[in-house]
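The values are calculated or read from the model by the stated rules, or taken from the named source; none is laboratory data. It should be emphasised that the depicted structure is a prediction, and the values quoted were computed from it without experimental measurement. With ideal geometry, Cβ positions are generated from the backbone for all residues, glycine too; neighbour counts draw on all protein chains shown. The accessibility values were calculated without ligands, DNA or RNA, using every heavy atom of the protein model including side chains. Shrake-Rupley method; radii C 1.70, N 1.55, O 1.52, S 1.80 Å.
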Amino acid sequence: MPRVGTFLPPASPGGTGPPSAPAGAGKIPPDDHTLLMSLLPEISGVEFLHDLDIRRSCVRNGKVYCDDVCLSDLDLYIWYARMAREPAGYALEALRTLSQDTPVVPDPERFATGLDKYRAHLCLSRAGLPVPDTVLVDHRNTAAAAPVIEEWGRALLKPRRGAFGHGVLLIEDFATLRDLAGYLDSTLAATAEDTLLLERFYPHGPGDWVGTTLINGTLMYGYRKRRHRFARLSADAWKVYDPERAGGDVDRCEVPPGHARIARLAQQALCLPLVGFDLIQCDGRPVIVDENTFPGLYPDLFATARRSLARELCTLIADLITHHLGGPPSARQDLRTATPDTGLILTDGDPERPIGARRRA
C-alpha cells in the first residue's frame, strides 16, 4: 500500500483574536484541521503518516529521516508549515534533498521562488502576467539604478523575502537610494542583502487593493485590508503594514473577473497548490504587487464564501494522490460543500495533472 507522509500542523486552539484573524502563517485553523484529519481516512488505498515535521528531520547519506521514519522511502510527502525564508535554511534544504527520491508538494524549488519577490515577479512576468517593472542591482552598484529611477520618477525598495510590509520604502530620488545603501554598508555590512530590489511605483490607495487566496486553481475568496492596516508613504502612496505581523483585519470583497483570471494564471505560473496574490488597480488594469506563499486562511471568509477549508484541502490531497500514485479518483462533489469554481484547471505542463503533480520515473 502506498504511504503518504504529511506535515500539516494546526494553529494553537483558543486564540483570542477577532474572527478575521488568520490561524497564523503556515498553520491550519484548529477546527478545519480536526475535520481534515477525519476526512483523510475516506481516501482509500493509501496509508497516511502524519506529523512528519521536516524541521525536526535529519539527513543521513542523502536520506531524510524524521524520528524512525525514512521520508525518502515514502511515495508522497505533503506539507504546509511555516519555514525559514532564508534560501540556505535547513528545512528547505531537507525538502530539496527529499524531493530527489520522493514527490514533495509544494515543490521546494517552486516554494522558494514564491518566497523571493524578485524571482516570483520574474516568473510571472515571463508568463505574460502584469507585475511591476523591476530592477535588481548589487548594493555596491547603486549607480546602475540611477537612470531607472529617473525614468520612473519613484520606486519601492523591497526586501526580497520580506512580509507584512516591513522594510518597504518609497524611493523618490537616486540620492536617497545611494545614501541608504551607503548607510547599510557602513553599519550592517555583515547582514545586509547583497542585492537591492526596486519596483516601479504605481499611485494607488487602499481602495485599489485586493487580496486573493487560491487552492488548487480555485479562487476561494477576495478580501480587503481595513484602513488601519495601511501606512501612508506620501500623499498618493500607501503600503500594507502590519507591525505585529499578526495578520487579520480583513473584510471579504468581490474579485473583479479580470483580477480573478490573472490570479488563476499566476497560480498556474508558480505551480503552488496553496497561494495568494495581492493586486492593485492601476490605470484601469490589475497589477500583481505581491505573492503570498502563506496566504491568510480566514475561517469567517471561508464561511461567507460557503466553502470549507478542510474539504478543499482534502480534495486537493486526494487529487495529488490520484495523479502521483495512480490511486482511485477523488469524490470531488462528496468532499466539497460548495459548487466548484468554473475557473482554469491548473497544470504542471501536463493538461491531465494538477498543480504539483509529478510522477516518479
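Looking at segment 93-127, which of its residues are outside any helix (DSSP H, G or I), open to solvent by 40 Å² or more (accessible area, probe 1.4 Å) and without any contact (Cβ under 8 Å) to a residue 60 or more places away in the chain? Steps first, please.
Of segment 93-127, the ones outside any helix (DSSP H, G or I) are 99-107, 116, 127.
Next, only the ones that are open to solvent by 40 Å² or more (accessible area, probe 1.4 Å) stay: 100-101, 127.
Matches in segment 93-127: Gln100, Asp101.
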| Sole residue being surrounded by 18 or more Cβ atoms within 10 Å (Cβ to Cβ), over 29 Å from Arg245 (Cα atoms), among the small types (Gly, Ala, Ser) and touching a strand residue (DSSP E or B) at 6+ places or on another chain (Cβ under 9 Å), chosen from Ala145, Ala155 | Ala145
| message | Restricting to segment 192-231, give me the number of residues that are open to solvent by less than 60 Å² (accessible area, probe 1.4 Å), in a helix (DSSP H, G or I) and not basic (Lys, Arg). | response | 3
| note | Picked from segment 128-139 (must be aliphatic (A, V, I, L, M), out of contact with any Phe, Trp or Tyr (no Cβ under 8 Å at 6 or more places or on another chain) and outside any loop (DSSP other than H, G, I, E, B)), the residue nearest to Leu196 (Cα to Cα) is Val137
| task | Report, by residue number, each residue of segment 81-107 that is more than 19 Å from Arg60 (Cα to Cα) and modelled with pLDDT of 95 or more. | result | Val105, Pro106, Asp107
| Number of the condition not met by Leu301 [criteria: (1) assigned to a helix (DSSP H, G or I); (2) at pLDDT below 95; (3) buried (at least 17 other Cβ atoms within 10 Å of the Cβ)] | (2)
| query | Restricting to segment 71-92, what's the tally of residues that are open to solvent by 10 Å² or more (accessible area, probe 1.4 Å), in contact (Cβ under 8 Å) with a residue 12 or more places away in the chain and more than 17 Å from Phe294 (Cβ to Cβ)? | reply | 3
| query | closer than 28 Å to Asp208 by Cα, in contact with a His (Cβ under 7 Å, 6 or more places away or on another chain), open to solvent by less than 20 Å² (accessible area, probe 1.4 Å) and at pLDDT 95 or above, is that true of Leu279? | reply | yes
| Of the criteria (1) within 21 Å of Asp194 (Cβ to Cβ); (2) touching a strand residue (DSSP E or B) at 6+ places or on another chain (Cβ under 9 Å); (3) touching a residue at least 40 places away in the same chain (Cβ under 8 Å), which one Gly167 fails | (3)
| Within segment 147-159, is even one residue in contact (Cβ under 8 Å) with a residue 40 or more places away in the chain, β-branched (Val, Ile, Thr) and in a helix (DSSP H, G or I)? | yes
| field | Long-range neighbours under 8 Å by Cβ, at least six apart or interchain, first residue over 30 Å from Pro286 (Cα atoms) within segment 130-142, second among the aliphatic types (A, V, I, L, M) and assigned to a loop (DSSP other than H, G, I, E, B) | value | His139/Ala192
| field | Test result for Gly165, among the small types (Gly, Ala, Ser) and within 18 Å of Ala237 (Cβ to Cβ) | value | yes
| request: Return the total of residues in segment 244-268 being of a type in the set (A, V, I, L, M, F, W, C), under 14 Å from Ile288 (Cα atoms) and in contact with a Ser or Thr (Cβ under 8 Å, 6 or more places away or on another chain). | output: 3
| message | Given the condition open to solvent by less than 10 Å² (accessible area, probe 1.4 Å), modelled with pLDDT of 95 or more, in contact with a helix residue (DSSP H, G or I) (Cβ under 9 Å, 6 or more places away or on another chain) and under 19 Å from Glu291 (Cβ atoms), answer yes or no: does some residue in segment 232-243 qualify? | response | no
